[in-house]
1. Need pairs with beta-carbon distance below 7 Å; first residue touching a residue at least 24 places away in the same chain (Cβ under 8 Å) and within the stretch 123-144, second charged (D, E, K, R) and open to solvent by less than 10 Å² (accessible area, probe 1.4 Å); sequence gap 6+ or separate chains.
2. Determine whether residue 111 is without any contact (Cβ under 8 Å) to a residue 40 or more places away in the chain and more than 19 Å from residue 67 (Cα to Cα).
3. Would you say residue 207 is at pLDDT below 65, β-branched (Val, Ile, Thr), surrounded by fewer than 18 Cβ atoms within 10 Å (Cβ to Cβ) and touching a helix residue (DSSP H, G or I) at 6+ places or on another chain (Cβ under 9 Å)?
4. Restricting the search to the stretch 79-113, which residues are of a type in the set (A, V, I, L, M, F, W, C) and modelled with pLDDT of 95 or more?
5. How many residues does the stretch 39-56 hold that are at pLDDT below 85 and surrounded by fewer than 17 Cβ atoms within 10 Å (Cβ to Cβ)?
6. Considering only residues that are open to solvent by 10 Å² or more (accessible area, probe 1.4 Å) and of a type outside the set (A, V, I, L, M, F, W, C), which ones fall in the stretch 60-76?
7. Quick check, is residue 275 out of contact with any Ser or Thr (no Cβ under 8 Å at 6 or more places or on another chain), at pLDDT 95 or above and within 23 Å of residue 103 (Cα to Cα)?
Amino acid sequence: MFYRTVKIFLINIIIFFSFILTIELFIFIFFNKSKLDCTYLMCGQTLNYKINNFGNFQDYEVIYKRDEYGFRDRHKNLQDIDILVVGGSTTDQRWSIDKDTWINKLEEKLKKHFNKDIDVVNGGIDGQSTFGHLWNFNNWYNKLDSFSPKYIIFYIGINEDLNLSPEKIKKNRLRADAPLDTTNLNLFIKIKNILKKNNAIVYRGYTFINTVLFKNEHYKEVYHSPDRKKKNYQIPNKSILTNNISVKNLSENLEKLYNHTIKINSIPIFVSQKTLRGKLINEQIFSINEFDYYSYEKLISNIIINFCENKKIFCINANKKLNFLTEDSYDLVHLTPEGSKKVSKLLFDQLKFELKF
């Protein structure tokens, strides 16, 4: 009797998982062209964080949500987005509640100024450089029907590496400039890849269990590198290495981003970035270590702004115009609510006479 019960149980388990896999494969084969890489974009996920590194903000609790398309803080229909903001973790601001992100604060200022419902959507993804932003066009935006924000703001600079090897550049380019290619994967990895990225029964079930049933279990301490704030500034004696190939490559990536944006009938606006890893005091450069971050960030900003001037497009030199204080960042790179106010004010002051709604 026992063995018969076990046998029936195992047969039912096999039938159940076979059914699930059949549905997953059916969806993948017939509908995969429109599928997003939701493992990467975190489509439909809700995560809970408890932050203790914002100074006066003790037990700062964040409910971080990305919608079914992978965007954060969107309230209009996909085809009606006014401004999409593209960037890395300094755009995503995962450890901030929606109202404390600079994107949300900019939105509120624009709504009041134009007396209109304006949707400024957060499309930031942690770690992305211009290679990642190119990936977005080829593997994300191109799969969204009628996707054409009026403006796309690229908040970029600090994730750029100007000393990449030719091999690394080639690899990044191949990944960024073309849709994902899984043809060379072995069968097991390919099936695993399908289940992870198919955004069907298995993924949605995992998301539901992970973010709904057990959401209260996911509070945790999170930070980037708050210990940076404990470092004493010094006069740097080393430049951050660059090479001509990487410098040229950044300009080429900016050109591609510009062309992609125009192609979907959006208007590009590039904004250069600044951190507190380096600063200028009485015309003397100081840094958190021996490397000259101040000059490096300024170099990247100059490449971005020179590109804008050559294209005759409106851009914002935030690297030059921002004056961050220590309390504006919790790790000298990522913003506190005070820092978000400062960035949103600068961008609003620069944009309010340029944007048309």
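The values are calculated or read from the model by the stated rules, or taken from the named source; none is laboratory data. Being a predicted model, the structure only gives us computed values, none of them experimental. With ideal geometry, Cβ positions are generated from the backbone for all residues, glycine too; neighbour counts draw on all protein chains shown. For the accessible areas, the whole protein counts, side chains as well, though only heavy atoms, and no ligand, DNA or RNA atoms are used. Shrake-Rupley method; radii C 1.70, N 1.55, O 1.52, S 1.80 Å.
1. What qualifies is 124/92; 125/92; 126/92.
2. Values: without any contact (Cβ under 8 Å) to a residue 40 or more places away in the chain: yes; more than 19 Å from residue 67 (Cα to Cα): yes.
For residue 111, the condition - without any contact (Cβ under 8 Å) to a residue 40 or more places away in the chain and more than 19 Å from residue 67 (Cα to Cα) - is met.
3. When the stated conditions are applied, residue 207 passes them.
4. 81, 83, 84, 85, 86, 102, 103, 106, 110
5. Summing the residues that are at pLDDT below 85 and surrounded by fewer than 17 Cβ atoms within 10 Å (Cβ to Cβ) in the stretch 39-56 gives 5.
6. Answer for the stretch 60-76, where residues must be open to solvent by 10 Å² or more (accessible area, probe 1.4 Å) and of a type outside the set (A, V, I, L, M, F, W, C): 60, 61, 65, 66, 67, 68, 69, 73, 74, 75, 76.
7. Numbers: out of contact with any Ser or Thr (no Cβ under 8 Å at 6 or more places or on another chain): no; at pLDDT 95 or above: yes; within 23 Å of residue 103 (Cα to Cα): yes.
So residue 275 does not fit the description; no.
So that you can scan it fast, the table gives a plain yes or no per residue for (1) within 23 Å of residue 40 (Cα to Cα); (2) buried (at least 22 other Cβ atoms within 10 Å of the Cβ); (3) small (Gly, Ala, Ser):
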| residue | (1), (2), (3) |
| --- | --- |
| 78 | yes, no, no |
| 84 | yes, yes, no |
| 90 | yes, yes, no |
| 93 | yes, yes, no |
| 96 | yes, yes, yes |
| 103 | yes, yes, no |
| 114 | no, no, no |
| 117 | no, no, no |
| 120 | yes, yes, no |
